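Written below as structure tokens is the structure these notes are about.
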Amino acid sequence: MKPNPSNNKLFKVSRRDFVKIGALGSTGLILGIPLGCKQDKNAFLTGREDAVFAPNVYITILGTGEVQLIAHRSEMGTGIRTSLPLVMADEMEADWTKVKIIQAIGDVKYGDQNTDGSYSVRMFYQPLRVAGATVKLMLMQAAAQEWQVDISECKAVNHEIVHNSGKSLGYGYLAEKAGALPIPSENEITLKDSRDFKFISKETVIYDLEDIVTGKAVYGLDVQIPDLKVAVIKRNPEAGAGMKSFNSDMATAIEGVSKVYKMEPTAFPMGYNAPLGGIVVVANNTWTAIKARNAVEVVWDKGINASYDSNAFMQQMQRSVQKEGQIKRQLGSATKALKEATKVIESDFLVPHLAHSPMETPCAVARHNADGTCEIWAPVQSPQWVRQAVAAALGIEESQVTINVTLLGSAFGRKSKPDFVVEAALISKEMNTPIKLLWTREDDIQHDFYHSNCAQHIKVGIDKNNKVTSWVHRTAFPSISGTASAEAKGPSSDELCMGVLDMPFEIENVSCESLDAIAQIRIGWLRSVHNINHGFAIGSIVDQVAQAREMDPIDNMLDLLGSDRKIDFTALVEGFNNYNVKLEDYPCDTHRFKQVVQLVKEKSEWGKSLPKGKGMGFAAHRSFLTYVACVVEVEVDDNNNIKIPMVHFAIDCGVPVNPDRIRAQFEGGAAFGASLALKSEINVKNGAVTEDNFNNYLVARMTDAPINTAVHFVENEEKPTGVGEPPVPPFIPALCNAIFMATGKRITRLPIRL
Amino acid sequence: MILPMEKFTLNINDQKVSIECAPDTPLLWALRDQLGLTGTKYGCGIAICGSCTVHMDGTAVRSCSLPISAINDKAITTIEGVGKDGLHPVQKAWIAENVPQCGFCQSGQIMSAIALLEQNGNPSDADIEQAMSGNICRCGTYIRIRSAIKNAATNKV
Ligand code: FES
Ligand code: FES
């Protein structure tokens, strides 16, 4: 990559300021790094549009040589807490064993901290490199001064500055001197050549690895502070509905129960911050609280969604997509071309509601203090949003709220919603004591922000020359915004840009349409969001098109992608949203798209002959700016048991910052996709979710997940893009297409039932 | 049913500890709330996710569904107790494979894996699947879990 220092301005931090931001004070070099960034895909939901240009990350070198980096992103399994610091460490030639990572509290001074939308590495790669290179230069200048030599005779090697003569000085020794120097201007800074990277694009284990395998790592529920009591809440099965009466006599009779009281529910649509409320049970320990909750008797009231039936709703959506919807992208005349087509391929595709079910359920520790301030310890993806929500709920200033971010026992989007933390804060205030709020697995599965269920209809016309001439894609699903606003009647255009309006095929007649569907339960973003539904439908219909054209599915895909071009979606779609970045900065480049398709073909031994009951399927999808092609091998036995012996992913995510963690995301993404494809389904009857734990909300276990997953990188020096979400969308249709090859059965509805 | 508190003496990680709690208290919550051993995790509470796996006399058990009153003098080992002199070979194998993503399920996975290898030093793929299918990992680290177990079995670490 061409060294290109960004416009970000580093600045020196005084010791006093630094102590204020919460790190251990010490003499040495302290720099603040401003990472101005645009907001994420959820900004439209949260009203956080203002870009914050403030110092986000701090880098400190202590006299002992220890380098402290403050990580401002939440760790939920992606390795981000490791990947970002190692970018800095690489440029500054640090010894990784001397690097200590400190988790930032939630504060606007760190800029946007919402760890979501697969964008952390993408946003911060360049500024963090510049920061690391700046520190290195200052240390070199300090050494050159000390030795009275020219700086060109010095270089940085593994935590030391080494002179041509062989003498050397450690970073710890130089830190204070370097700290007294002015910050070099940006044109003095040279970034490393990518060939010289020590950590970037190399394998670095995650920072918390040993703590995790020894059980020492601290997640939300592991936080211990004095005088802690445990709370659980009994909730109306219909989210947002109230209660007529309750009787807590049996519950309060249990030894160790402190209080049982009513927290007023917030009516639907309640948004993402509001507590669901219900009957709060506070006790000395978790088991007592759970038992007492079981002993509370409640007569629930009905709310506005008391008749919501997800099955009937799906049928209604499916009927709606049979007719033309609101046209959001149009080219030529698809209707006319379809009339003239010699073959028309069409199918409906249905995807149910899904729950996040992170391994660690939502939980939070809150301490409301006598002086009106509040301190939180919680596994949250978006600590600043939580801070605002807690401050608003308690009626205090944001500056009176401190959010400590623990490790996250996975999240998948669930833990970017502040509701559960707000509940903990309110209970702590009510009880006047520190509170640990536990959502049991039942709470988690019955009261999630569910993935939008979705019905689609796709119709593809092929002319007499075997050319695809028309594409009609209709989708209906309740919008995420419907959780916060009764005005949201159906898919927003931002949501349609996840797999419908960004359709990349070179087809002359196109109509992309949406149909309204109203949210009647809390809806939220789940890993890969609407790309799950749309990737499934498109990846599946394209396989049917290949079959109709009697073409190899990969050749068919290459043909549909067409000529090499950067697709100007802004000219095709009004208000096109390219994952909140400019399309010219991160274009949809069909050349790069075709490269991943070709690479997966080559690596997967595509086309090899397979025995009966085995199949190979292909699909490719671009989401979160990353191109992914996937081949799945499947084995289906006579009892219709499905095994996945092998998965190949070919990906283009720009420069792979931490390849091992990228591979891990793809291995995990395939397993996550296996859950959605084979197992998971949320049903709602009379406004209440019928599943309540992992015995009926099924997820992939070792026996269901792929046995092997290989990840092949397209090598280039493009800007890095996200990898947390992009694996899921192509995996599901590739699996379905493999099942078709193995069994002759077309899958058009998830989860797969053979 | 309201059960009065009782005193129990348990043998946990080779130490005798006394606690006072209701006899139906699951071991999981006694470990976490009363003994400060938070390496054992809650994931489902109904013995189907494996996050809370510990050993009772060397056998993997789900501590969320094991009442304190059923333990008596049996030896309990938790993730904090497996690597008495440094890391256990299975923990080392986990590090060598860089298994964890979020890490939350991994104490339970490691406890199940150790129990498996203690009974069967050379498990086949089917043995591994059978022993490990009670442990859910939502991050999907199954591939690496499988190879870490194989490496630990063949002393590759
Ligand atoms: S918490 Fe015990 S098996 Fe899930
Ligand atoms: S590593 Fe996250 S649940 Fe297993």
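Which one of A:ASN693, A:ASN708 is at the interface with another protein chain (Cβ under 7 Å from one of its Cβ atoms) and within 16 Å of ligand 1 (Cβ to nearest atom)? Please lay out each step first, then the result.
On the way: A:ASN708 fails: within 16 Å of ligand 1 (Cβ to nearest atom).
Answer to the check: A:ASN693.
Only a single item in (1) within 16 Å of ligand 2 (Cβ to nearest atom); (2) at the interface with another protein chain (Cβ under 9 Å from one of its Cβ atoms) is not met by B:ALA22, and it is number (1).
All of (1) modelled with pLDDT of 95 or more; (2) more than 14 Å from ligand 1 (Cβ to nearest atom); (3) assigned by TED's automatic domain parsing to the domain that holds B:ASN13; (4) touching a Leu at 6+ places or on another chain (Cβ under 9 Å) hold for B:ASP73 with one exception: (1).
Looking only at region A:721-754, residues that are under 30 Å from A:GLY654 (Cβ atoms) and not charged (D, E, K, R) come to 17 in all.
If I ask for residues that are part of a loop (DSSP other than H, G, I, E, B) and of a type outside the set (S, T, N, Q), which ones from region B:40-55 would you list?
In the first step, residues of region B:40-55 are kept if they are part of a loop (DSSP other than H, G, I, E, B); the result is B:40-52.
Hits for region B:40-55 are B:LYS41, B:TYR42, B:GLY43, B:CYS44, B:GLY45, B:ILE46, B:ALA47, B:ILE48, B:CYS49, B:GLY50, B:CYS52.
Taken over region B:78-108, the residue count meeting the criterion of being in contact with a Gly (Cβ under 7 Å, 6 or more places away or on another chain), assigned to a helix (DSSP H, G or I) and within 16 Å of ligand 1 (Cβ to nearest atom) is 3. Of all residues being in a helix (DSSP H, G or I) and more than 12 Å from A:GLN384 (Cα to Cα) in region A:404-420, which is farthest from ligand 2 (Cβ to nearest atom)? Just the residue, please. If we take residues in region A:404-420 being in a helix (DSSP H, G or I) and more than 12 Å from A:GLN384 (Cα to Cα), then A:ASP419 is farthest from ligand 2 (Cβ to nearest atom).
Kindly indicate which of A:LYS415, A:LYS436, A:LYS429, A:LYS467 is of a type in the set (Lys, Arg) and over 17 Å from A:ILE403 (Cβ atoms). Working first, answer last.
Values: A:LYS415 fails: over 17 Å from A:ILE403 (Cβ atoms); A:LYS436 fails: over 17 Å from A:ILE403 (Cβ atoms); A:LYS429 fails: over 17 Å from A:ILE403 (Cβ atoms).
It is A:LYS467.
Suppose the filter is of a type in the set (Val, Ile, Thr), more than 21 Å from the chain's Cα centre (by Cα), surrounded by 24 or more Cβ atoms within 10 Å (Cβ to Cβ) and within 14 Å of another protein chain (Cβ to nearest Cβ); does A:VAL728 pass it? Working first, answer last.
Working: of a type in the set (Val, Ile, Thr): yes; more than 21 Å from the chain's Cα centre (by Cα): no; surrounded by 24 or more Cβ atoms within 10 Å (Cβ to Cβ): yes; within 14 Å of another protein chain (Cβ to nearest Cβ): yes.
So A:VAL728 fails the test.
The one condition from (1) away from ligand 1 (no atom under 13 Å from the Cβ); (2) under 30 Å from A:ALA664 (Cα atoms); (3) not aromatic (Phe, Trp, Tyr) that B:ARG62 does not meet is (1).
Filtering region B:123-145 to residues that are away from ligand 1 (no atom under 16 Å from the Cβ) and assigned to a helix (DSSP H, G or I) leaves B:ASP125, B:ALA126, B:ASP127, B:ILE128, B:GLU129, B:GLN130, B:TYR142, B:ILE143, B:ARG144, B:ILE145. Across region A:202-255, the number of residues qualifying as buried (at least 18 other Cβ atoms within 10 Å of the Cβ), at positive phi and touching a residue at least 24 places away in the same chain (Cβ under 8 Å) comes to 1. Criterion applied to A:PRO491, A:PRO504 was being at pLDDT 95 or above, assigned to a loop (DSSP other than H, G, I, E, B) and surrounded by fewer than 24 Cβ atoms within 10 Å (Cβ to Cβ), and the one residue passing it is A:PRO504. When B:LEU37, B:LEU31 are checked against the criterion of being in contact (Cβ under 8 Å) with a residue 40 or more places away in the chain, away from ligand 2 (no atom under 16 Å from the Cβ), outside any strand (DSSP E or B) and more than 10 Å from chain A (Cβ to nearest Cβ), a single residue qualifies: B:LEU31. When you check B:ILE114 against the structure, is it modelled with pLDDT of 95 or more, under 13 Å from B:ALA60 (Cα atoms), within 12 Å of chain A (Cβ to nearest Cβ) and away from ligand 2 (no atom under 16 Å from the Cβ), yes or no? Considered against the rule, which asks whether it is modelled with pLDDT of 95 or more, under 13 Å from B:ALA60 (Cα atoms), within 12 Å of chain A (Cβ to nearest Cβ) and away from ligand 2 (no atom under 16 Å from the Cβ), B:ILE114 comes out as yes.
Condition check for A:TRP287 on (1) more than 10 Å from chain B (Cβ to nearest Cβ); (2) free of Cβ contacts under 8 Å to residues at least 24 places away in the same chain: one failure, at (1). Residue pairs whose Cβ atoms lie under 8 Å apart, separated by 6 or more positions or on different chains, with the first residue in region B:56-75 and within 14 Å of chain A (Cβ to nearest Cβ) and part of a strand (DSSP E or B) and the second more than 16 Å from ligand 2 (Cβ to nearest atom) and acidic (Asp, Glu), are B:PRO67/B:ASP24.
Scanning region B:124-151 for residues that are facing chain A (nearest Cβ under 9 Å) and among the hydroxyl-bearing types (Ser, Thr, Tyr) yields a total of 3.
Does region B:69-85 contain at least one residue that is within 15 Å of ligand 2 (Cβ to nearest atom) and in contact with a strand residue (DSSP E or B) (Cβ under 9 Å, 6 or more places away or on another chain)?
Step one: of region B:69-85, the residues within 15 Å of ligand 2 (Cβ to nearest atom) are B:79.
Keeping just the survivors that are in contact with a strand residue (DSSP E or B) (Cβ under 9 Å, 6 or more places away or on another chain) gives B:79.
Yes, region B:69-85 has at least one match.
All of B:GLN101, B:GLN106 fail the test of being facing chain A (nearest Cβ under 9 Å), more than 13 Å from the chain's Cα centre (by Cα) and within 16 Å of ligand 2 (Cβ to nearest atom), apart from B:GLN101.
If you go through region B:113-122 and pick out every residue that is within 16 Å of ligand 1 (Cβ to nearest atom) and either crowded, with 24+ Cβ neighbours inside 10 Å or in a loop (DSSP other than H, G, I, E, B) (or both), you end up with 1.
The values are calculated or read from the model by the stated rules, or taken from the named source; none is laboratory data. None of these values were measured; they are calculated from a predicted model. FYI the Cβ positions are ideal-geometry reconstructions off the backbone, even for glycines, and counts take in every protein chain you see.
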